[in-house]
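The values are calculated or read from the model by the stated rules, or taken from the named source; none is laboratory data. Note that the coordinates shown come from a computational prediction; the quantities given were computed from them, not determined experimentally. Note: ideal-geometry Cβ built from the backbone for every residue, glycine included; neighbour counts use all protein chains shown.
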Amino acid sequence: MPKTPPHYIVGHRKPDTDSVVAAAVLAWFYRATSAASEAIIPIRLGPLNRQTRWLFEQAKRTAPVLRDSCLYTASEIAQPVPVVDPDTPLREALEMIQRSGSCDFAVVVDEAQHPIGIVSDRTQRTNYLLQCNIEDLIGTLLDFKHIIQGLPLTCLNARNGFKTPEVQRLEVPLHKHSITGNWDQHTAIVIGDRDLLLDSISANVPAAVILTEVTDTRAQEIAASLPCPVYLYRGTVISMMSRLAGCFPSSEAMVKDFTVVDCQVREDEIARLIKKSPHGLLVVDSDNCVNGSISAMDILQLKRPRLSLVDHSERGQAIHGFAQAEIVEIIDHHRLGDVETIQPLSIDVRPLGSTASILYERIKEAELTLPKEIALLLLGALLSDTLLLTSPTCTESDKLRAQNLAAIADVDLHAFGVEVLRQNDELADARAEALVSRDCKPFSFEGVQFMAAQIETVDLSILTDLRARELNYAFRQQVKQAGVDFGALMVTDVLHSRSRIIIVSEEAHWFDVHLPEDIRQSQRAWVLDHFVSRKKQLIPLLLTNIRQAQ
């Protein structure tokens, strides 16, 4: 369980370059200005597109890690758990549990280190063994080798070639009149330094002799005089007898009815499972090896992670589990969405061309020296989101920022920008399903649910009639699966500032709402010049059409 709750910095689902760069740069910013850098973790909610991957390679920076939820996983909650093998004495296993201080059981593993059972002092099986009549179980559940290991006993004459004897009973003659001499070859005699008893043993050899309360020198003398294995216990007879129950192997005390969870299972599923598990949960990794354990108290003591949302403020675009986290800030350049919080938070939403633009201003305000590689990331994100400074979202101040960043990054602004846009052009060869889903966002307006996707290209002529039909079909399937009213796909020529708009829906009504009459009549492609921004052009157009249709 993390001592300090993580502070995740995360962009929206199906992340674009601005979203991923914003998470990475904000994390860098906080690490440069905060002492709590170990808890700051930039993450992304989807795979890197080609443009974003290329940009991070150019900057020689590591992209945020992939994560789909801010809820804890089992491996992040799990506490260390004692691990024992099947022959580990029960007493030793219970002592390991006590020393751990955070776990109610020990895990018994096989040779491959896979769990086969758990041992706990809270199980009926363990309590039975600790309170049973040991004499009844010696030679069955409790072999002499377990007694040797569990007490432990030291063999004094092993060099004589004695094998580990088969012992079925122990005899402890405490008084002269209790020396019967009637034992057999399966009895182990427990004695001290008593010559009379030694004579009886020599006359009727038992399976083994266990010496107690004898000095090392005297013990060696006795062992040399007896024709059977002799063992030394360094303690009193009473001590030895009280420890016998702890000699049972862990395999005899373990229970096999325990709940195992994969280390990647989330805390919401863990909370459900732990209610049904009396012993807590055993966490294993992908190789089915022990990772740790989770108790109900571990769940109750979890500290909620902190969230910084960048480049979005819509619930539908936010990370899974955000409602259970503490959202501490929103940094965005879109409209303010519908994310709700319990506590007050910091909101930095500015009408600029990219979230990277906002972060550049914050870095300047903090008077930090901007490294070349960070400047390159910010420049790439700004140029990507403003389509090389041609989008209606691009402000005059964005153009100045781009010039300053290009100077710090030591690149030619236009040449670098063209390459940034080319890296994002997969219109000709990428799978249609991947293209329409890569940059697709859900929206809601006056009870109408819809999706708006954008594909960028450097040449709209690549969009042939066949390719347009492939995209139309793939996008229609995505919209249908999402259960929204309609979808709008925007294929944008970023170098010539023009877009083709494709409307898909299961209801003919939405075609009448959005498509111009001449386009519907002629069934021509709907292409709009000077139309490149989903945020400032497509979404306002769709919202106006929805309002007018109601």
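Each residue in region 476-503 was checked for being at pLDDT below 95 and among the acidic types (Asp, Glu), and 1 of them qualify.
Return a yes/no flag: does region 343-357 have any residue that is touching a residue at least 60 places away in the same chain (Cβ under 8 Å) and among the hydrophobic types (A, V, I, L, M, F, W, C). There is at least one residue in region 343-357 that is touching a residue at least 60 places away in the same chain (Cβ under 8 Å) and among the hydrophobic types (A, V, I, L, M, F, W, C). Against the criterion of being at negative phi, buried (at least 17 other Cβ atoms within 10 Å of the Cβ) and part of a helix (DSSP H, G or I), VAL420 qualifies. Applying the criterion of being assigned to a loop (DSSP other than H, G, I, E, B) and under 24 Å from the mean Cα position of the chain (by Cα) to the residues of region 316-333, the residue that is surrounded by the fewest Cβ atoms within 10 Å (Cβ to Cβ) is GLY321. Selection of region 245-268 for residues being farther than 12 Å from LEU141 by Cβ and among the acidic types (Asp, Glu) yields ASP257, ASP262, GLU267, ASP268. The residues of region 334-379 that are outside any helix (DSSP H, G or I), surrounded by fewer than 24 Cβ atoms within 10 Å (Cβ to Cβ), in contact with a helix residue (DSSP H, G or I) (Cβ under 8 Å, 6 or more places away or on another chain) and not acidic (Asp, Glu), listed by number, are HIS334, ARG335, GLY337, VAL339, ARG350, LEU352, ALA366, LEU368, LEU370. Checking each residue in region 439-459 for being farther than 17 Å from ILE502 by Cα and among the hydroxyl-bearing types (Ser, Thr, Tyr) picks out only SER444. Within region 295-315, which residues are among the small types (Gly, Ala, Ser) and surrounded by fewer than 18 Cβ atoms within 10 Å (Cβ to Cβ)? Listed by number, the list holds a single entry, ALA296. Candidates in region 202-230 are the residues that are closer than 19 Å to GLU166 by Cα and β-branched (Val, Ile, Thr); of these, the one that is farthest from the chain's Cα centre (by Cα) is VAL205. Among residues of region 445-466 being out of contact with any Lys or Arg (no Cβ under 9 Å at 6 or more places or on another chain) and under 26 Å from THR544 (Cα atoms), the one that is surrounded by the fewest Cβ atoms within 10 Å (Cβ to Cβ) is GLY447.
The set of residues in region 213-226 being surrounded by 12 or more Cβ atoms within 10 Å (Cβ to Cβ) and out of contact with any Leu (no Cβ under 8 Å at 6 or more places or on another chain) consists of GLU213, ARG218, GLU221. All but one of (1) among the hydrophobic types (A, V, I, L, M, F, W, C); (2) in the same structural domain as PHE56 (by TED's automatic domain parsing); (3) touching a residue at least 60 places away in the same chain (Cβ under 8 Å) hold for CYS440; which doesn't? Only one criterion is unmet by CYS440, namely (2).
Of a type outside the set (Phe, Trp, Tyr), under 30 Å from GLY417 (Cα atoms) and touching a strand residue (DSSP E or B) at 6+ places or on another chain (Cβ under 7 Å), is that true of ILE539? In short, yes. State the number of residues belonging to region 193-233 that are farther than 21 Å from GLY150 by Cβ and free of Cβ contacts under 8 Å to residues at least 24 places away in the same chain. Summing the residues that are farther than 21 Å from GLY150 by Cβ and free of Cβ contacts under 8 Å to residues at least 24 places away in the same chain in region 193-233 gives 12.
Residues of region 380-390 being buried (at least 23 other Cβ atoms within 10 Å of the Cβ), in a loop (DSSP other than H, G, I, E, B) and at negative phi, which ones? If the condition is that a residue be buried (at least 23 other Cβ atoms within 10 Å of the Cβ), in a loop (DSSP other than H, G, I, E, B) and at negative phi, then THR386 is the only one that fits. When ILE462 is tested against the conditions (1) under 38 Å from the mean Cα position of the chain (by Cα); (2) at pLDDT below 90, the lone failure is (1). Confirm whether ILE189 is touching a residue at least 12 places away in the same chain (Cβ under 8 Å), crowded, with 19+ Cβ neighbours inside 10 Å and out of contact with any Phe, Trp or Tyr (no Cβ under 7 Å at 6 or more places or on another chain). No: the conditions fail for ILE189.
Being assigned by TED's automatic domain parsing to the domain that holds ARG50, farther than 22 Å from ILE503 by Cα and surrounded by 19 or more Cβ atoms within 10 Å (Cβ to Cβ) holds for only one residue in ASP412, ASP398, and it is ASP398.
Listed by first and then second residue, the pairs with beta-carbon distance under 8 Å, at least 6 apart or on different chains, first residue in region 513-526 and more than 20 Å from ARG498 (Cβ to Cβ), second of a type in the set (Gly, Ala, Ser), are VAL513/ALA549. If you go through region 492-545 and keep only what is among the basic types (Lys, Arg), surrounded by 20 or more Cβ atoms within 10 Å (Cβ to Cβ) and part of a strand (DSSP E or B), you end up with just ARG500. In this structure, LEU463 does satisfy being in contact with a strand residue (DSSP E or B) (Cβ under 8 Å, 6 or more places away or on another chain) and not assigned by TED's automatic domain parsing to the domain that holds SER354. Count, please, the residues in region 452-475 that happen to be in contact (Cβ under 8 Å) with a residue 12 or more places away in the chain and assigned to a helix (DSSP H, G or I). Counting residues in region 452-475 that are in contact (Cβ under 8 Å) with a residue 12 or more places away in the chain and assigned to a helix (DSSP H, G or I) gives 10.
Going by the conditions given, is SER286 assigned by TED's automatic domain parsing to the domain that holds ALA39, closer than 27 Å to HIS7 by Cα, part of a loop (DSSP other than H, G, I, E, B) and modelled with pLDDT under 95? In short, no.
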